[in-house]
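The values are calculated or read from the model by the stated rules, or taken from the named source; none is laboratory data. Computed from a predicted model, the values in this text were never measured in an experiment. With ideal geometry, Cβ positions are generated from the backbone for all residues, glycine too; neighbour counts draw on all protein chains shown. For accessibility, only protein heavy atoms count, side chains too; no ligands or nucleic acids. Shrake-Rupley method; radii C 1.70, N 1.55, O 1.52, S 1.80 Å.
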Amino acid sequence: MVLLGAAASLPYLACQLAFPTRLADGGACTDGSDTSSDPLNCGACGVACEGGESCFAGVCDGMHVTQVSAGLHACALVKGGRVFCWGSNLFGETGSPPTTQACGASATPCLTTPTEVAGVEHAVAVRAGYYSTCALEQDGSVWCWGQNQAGQLGSATGMGTAGPQPTPSKVGLPAGVTAKAIDVGYLFACALDTAGALHCWGDDTYGELGAAVDGGASASPVRVAATGSSFAAVSTGLDPHACALLQGNGQVVCWGENHLGALGHDPATDPTCPPSDVACSASPRVVAGLTTASVVRAASGLSCALLADGGLSCWGDDGLGQFGDGTPAGSGGSGDAGDAGNGDGGGGEVADGGEGAGDGGGSAVVHFAPVAAADGKAFTAFDARYDFVLALDAKARVWAWGSSSRGALGNGNVGGASCVNDGAPCIALPAEVPAFGAATASVVQVSAGDEFGVALESDGTVWAWGANVDGRLGHAPGAAGSGDLSTCGAPARDEVCNPVPSRVVFP
């Protein structure tokens, strides 16, 4: 048995000896460590997987997706570490040149089918953000691609311009820093390292890098100010704020823009930041009242946390039913913001602690402190990045609430009640996504993007629904047999969407 084991390892050793480094030209063989995940050398040098297969633990397998992420576009991680992206591609955020494909009469760059990102081979995580994407490699390095106007790719190349950068570039993390988690927000990104410290890069107008208000932009990662406890997780919003889970105590801290209370405290206690003179804070500040949080998500104008008992708690903007508490209704009044303690400003909602807000004529319903959300239901996972929420329960069923524009809630229609924020349609209580309500449901992850949702099943099947103007559902807008609708949203617009989950087909 020992001899057989030694013989079986010979190709591996030969690979290590003959090819100690990866061949830059993509040749027939790579170093020994790659034989567990490289489809060109799966298990041994020169043993290639067939087209469409991935390599996992030295064995060729089908295109098995293990993680999905939705932003303005979508990306998926497959076994073995390869990344595929599709959807909006204005700046090469899918990892392909913007000239590859166009969607619609406006010839907007996009990709309508999942396409592999060249140069990312051993990823363990991927996050799609706002015109940019980042991947975490198994060696702890971070690679980003897409728009780099504010240095959000962690590279100075092309910074200050709107030019596309579809080729992944390595983020210049400080020497000795190894990342273990990443997230990508609006013009900035963050990485959590193995020591529990956070490093963020990109735009810092509102203190979203956690170091200085109106600090400009930084292509070099900036260490987020310490809080007395190490960080356990980070979430960056698709508006400029971020939240992090502290290690071991179930508490959450947030920083960045706070004009709607997304940081979990009264904006009146914060300085104002240019250019729009809104409340912001560069210092991570504990969100009062949370002691059992296990997951946190920074979204658009709000933040939410999953608690130990499966309940959800949210703070910030609730004008589109994002809290799932049934409260947003009507179009608001015409008064000014309510005084603290009465919230009677014509459309303002009284928040925990007595804060109220409302600027009349469709004002936001806001809460400056955490409140119970999701109508008291219990979940195992959730995601919120824009103005709706997706959650997964213990039976692998998917629930959705918030903005229902363009079919983002996957319930088969694009309508809903007229909610406070601009009179847009919303559903303010959790409702099951019908496609995943059967007893055989096996959804293991959900991701909420810009007016579209993505779900991943345990067998690697990916589903998407909602807005599809740029192929973010994984098929060409309005393709024959796709079920796409040609007029979506409220008020009615000539935009393409599909309010029913459809399968995303991988090559």
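Among all the lysines, which ones have a C-alpha under 25 Å from LYS79's C-alpha, if same-chain residues fewer than 8 places away are not counted?
LYS170, LYS180, LYS395
Amide H to amide H, which residues 5 or more places from SER54 or on other chains are under 5 Å from it, using H placed in the peptide plane?
For SER54, the qualifying residues are ASP61, GLY62, MET63, HIS64.
Short version: ³J(HN,Hα) in whole Hz for each residue of the range 469-479, in order, from phi by Karplus 6.51 cos²θ - 1.76 cosθ + 1.60 (θ = phi - 60°), x for Gly and Pro, what are they?
Result, rounded to whole Hz: 4, 10, x, 6, 8, x, 8, 4, x, x, 4.
For a quick check: with amide H placed at 1.01 Å from N, whose amide H comes under 5 Å from ALA369's, ignoring anything fewer than 5 positions away on the same chain?
GLY316, ASP352
Convert each backbone phi in the range 55-62 into a coupling constant with the Karplus relation 6.51 cos²θ - 1.76 cosθ + 1.60 (shift: θ = phi - 60°), then list the ³J(HN,Hα) values in order as whole Hz, x for Gly and Pro.
Per-residue couplings from phi come out as 10, 9, 6, x, 10, 6, 9, x Hz.
Taking all protein chains in place and a 1.4 Å probe, what share, in percent, of the accessible surface of the range 218-258 do carbon and sulfur account for?
43
Give the long-range amide H neighbours of VAL433: residues separated by 5 or more places, or on another chain, with amide H under 5 Å away, using H modelled in the peptide plane at 1.01 Å from N.
Here the answer is VAL398, TRP399, ALA400, since their amide H atoms fall under 5 Å of that of VAL433.
Using the crude model of +1 on Lys and Arg Cβ and -1 on Asp and Glu Cβ, and no other charge, please compute the dipole size for the range 35-121 relative to its Cα centre, in debye to 20.
So the magnitude is around 160 debye.
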